[in-house]
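Down below is the structure, laid out as structure tokens.
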Amino acid sequence: MTSSPDQSRFSNIRAQAKILDGEDGLHHLRGEFHIPTKEDIKRKTLQQEPQQQDHIDPTQVDHTTSCTYMCGNSLGLQPKRTATRINQYLQTWSTQGVQGHFKPLDDSPLPTWLDADARAAKLMAPIVGADESEVAVMQTLTANLHLLMSALYHPDPKGKHKIILEAKAFPSDHFAVLSQIRHHGLNPDTSMVTIESPYSDDALITTYDIQSVISKHASDTALILLPGIQYYTGQLFDIPTITAFAHKHEITIIWDLAHAVGNVPLHLHDWDVDAAAWCTYKYLNGGPGCIGGMFINSRKSLVTTAITDEEPERGYGNRLSGWWGNDKAIRFQMATKFHPVKGAAGFQLSNPSILDITSLSASLEVFELAGGVQPLREKSLKLTAFLEQCLSILSEDAKKLFRIITPSDPSQRGAQLSLLLAADNILNSVMKHLEENGVIVDERQPNVIRVAPAPLYNSFADCVTFAEVFESALLAVQK
Ligand SMILES: Cc1ncc(COP(=O)(O)O)c(C=O)c1O
């Protein structure tokens with residue numbers, strides 16, 4: 001029997017995927033994760049109820065095969081070791097109570113709760129290319145952006161008062177900037193500058209576009225907030241070049257690394273980045289709403305003065321503070337003298353959720369197994385290019401219905417490809433078809449589908465499956 005050209009398109013590329021998966025030195029890491037099955041993603045209950053089984057047509061649901069999960073840009077999958085570490089944490093709490101704060105247990109891989117934040121910062125530092133003293137694992141992304149802005153944004157209404165951000169910034173960043181400006185009694189109409197894309201549809205902005213806006217507003221701009229990777233387009237910005245340009249104009253720059261952390265190699269210290277914040281539930285697989293991360297360059301966070309009663313704030317600037325930022329040696333003396341820990345840890349406010357930190361640290365162990373972000377990036381470059389190749393072989397009818405808006409230059413993107421649907425009102429139907437056929441990706445209204453093969457758990461075969469199901473989804477909605 002000969003196969004039709006349509007069948008051979010996908011069988012040829014599937015054969016190629018098999019070879020690439022066979023050659024992939026990181027393929028075994030997929031086994032570190034819980035990958036939902038096709039049955040899991042169809043089920044409407046936590047557990048499969050016996051009576052529900054009667055209603056499920058076994059020919060319609062695949063009980064064993066993993067779904068194709070390409071959504072690490074939104075929520076990373078759960079590492080298997082997360083449950084182990086969380087159970088160890090729960091056991092510590094149940095058997096030790098409050099002693100868990102200080103008492104190390106001989107056979108436990110977990111640090112005392114007092115040291116859990118420092119250990120998490122140590123695991124995180126290589127992922128963002130920082131000294132561990134420059135990283136704090138704390139709060140959440142938007143809260144950390146506010147904390148950084150409150151420390152670094154000191155507007156002078158007659159001098160430098162503006163904040164520059166992109167016009168299509170993630171809404172939380174937009175709201176954070178708006179509220180910071182208003183908080184200082186200023187007007188966003190005159191103190192907020194947005195970088196527009198010169199291309200109407202895509203929201204892509206070049207380094208040149210960014211530099212032009214910076215140059216135009218340099219004399220009265222105090223701060224820039226930009227994403228490392230743009231959430232909608234998947235565009236990776238040139239962090240070192242833009243940072244250096246901002247500094248040339250004496251402007252502080254904060255990076256939102258939500259989509260960059262754990263996705264692309266970062267060298268925040270060497271790039272002389274001022275400050276950055278990120279979440280840990282995307283490529284870092286910490287779990288939904290997990291604790292965030294913050295980088296503050298050692299230039300900005302040094303504590304230079306001894307504690308004095310006269311000028312307690314001298315030397316560590318204008319930061320919002322809480323007891324967990326206070327020097328560990330005196331934190332529990334309960335004195336009302338604030339002398340922050342040198343570095344990012346001095347920006348902490350509260351004692352952190354150990355449940356969160358335990359979950360995050362479990363996932364960061366998997367990054368250690370992978371050998372860090374660089375080998376993952378090497379695989380990621382191949383995976384995303386292969387996904388692009390799979391999309392290039394779709395039928396002409398399907399290809400008319402979408403285009404990739406993420407830059408084709410691999411150095412200007414991470415794992416994610418954003419697919420802009422050409423027809424209006426088909427997003428929901430396409431997403432429904434994908435889900436019904438075991439494919440999980442995410443959407444951004446009005447018409448973008450974001451697909452992210454994460455190198456820790458996605459395979460080259462996943463890319464083929466996505467392309468094949470995506471083609472059938474497009475052709476189905478076209479009918
Ligand atoms: C780019 C970007 N910034 C900010 C946020 C807000 O994050 P959080 O809700 O953790 O503060 C997100 C969330 O997905 C994001 O993608």
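So the values come out like this:
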{"quantity": "Gyration tensor (Cα) of region 217-361, equivalent ellipsoid semi-axes in angstrom", "calculated": "29, 23, 11"}
{"quantity": "Region 328-415: projected area of the alpha-carbon convex hull, averaged over directions, in nm²", "calculated": "10.2 nm²"}
{"quantity": "For region 378-479, alpha-carbon Rg and Dmax in angstrom", "calculated": "12.7, 40"}
{"quantity": "Residue-span extension gain [residue 103 to residue 220] - 0.36 nm each, minus C-alpha spacing", "calculated": "36.9 nm"}
{"quantity": "Overall Cα dimensions of region 113-359, principal axis frame, Å, largest first", "calculated": "57, 42, 29"}
{"quantity": "Equivalent ellipsoid, the chain (semi-axes from 5 times Cα gyration tensor eigenvalues, Å)", "calculated": "41, 30, 18"}
{"quantity": "Peptides ranked, highest mean first, by Cβ atoms within 10 Å: ranges 140-147, 261-268, 393-400, 191-198", "calculated": "261-268, 140-147, 191-198, 393-400"}
{"quantity": "Under the span-like rule (Cα at least 20 Å along the axis, Kyte-Doolittle mean at least 0.5), DSSP H helices of the chain", "calculated": "113-128, 354-370, 460-478"}
{"quantity": "Among beta bridges that DSSP assigns inside region 113-359, antiparallel share in %, nearest 5", "calculated": "40 percent"}
{"quantity": "Stretchable slack from residue 43 to residue 87, in nm (0.36 nm times residue separation minus alpha-carbon distance)", "calculated": "13.2 nm"}
{"quantity": "The chain, accessible area per residue, ligands and nucleic acids excluded (1.4 Å, Å²)", "calculated": "45 Å²"}
{"quantity": "Gain on full stretching of the segment that runs from residue 400 to residue 272 - 0.36 nm per residue minus C-alpha separation", "calculated": "41.7 nm"}
{"quantity": "Overall dimensions of region 91-181 by Cα: Rg and Dmax, Å", "calculated": "19.1, 60"}
{"quantity": "Accessible surface of region 113-359, 1.4 Å probe, proportion on carbon and sulfur as whole %", "calculated": "54 percent"}
{"quantity": "Solvent-accessible surface ranking, highest first, for 436, 365 at 1.4 angstrom", "calculated": "436, 365"}
{"quantity": "Packing-based order for 87-94, 114-121, 250-257, using average beta carbon neighbours within 10 Å, highest first", "calculated": "250-257, 114-121, 87-94"}
{"quantity": "Residue pairs, from the table 122/379; 162/300; 158/300; 18/282; 282/400; 168/282, whose Cα atoms sit over 29 Å apart", "calculated": "282/400"}
{"quantity": "Calculated from backbone phi, Karplus (6.51, -1.76, 1.60) coupling profile of region 396-404 in Hz, x at Gly/Pro", "calculated": "4, 4, 5, 5, 5, 9, 7, 8, 7"}
{"quantity": "Compactness of region 154-256, expressed as Rg and Dmax over alpha-carbon positions, Å", "calculated": "12.8, 37"}
{"quantity": "R0 of 35 Å, Cβ-Cβ distance residue 178-residue 208: FRET efficiency to nearest 0.05", "calculated": "0.85"}
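The values are calculated or read from the model by the stated rules, or taken from the named source; none is laboratory data. Keep in mind it's a predicted model, so treat the numbers as computed, not measured. So basically every Cβ, Gly included, is an ideal-geometry build from the backbone, and we count neighbours across all protein chains shown. Just so you know, the surface numbers come from the protein's heavy atoms only, side chains and all, with ligands and any DNA or RNA stripped out. Shrake-Rupley method; radii C 1.70, N 1.55, O 1.52, S 1.80 Å.
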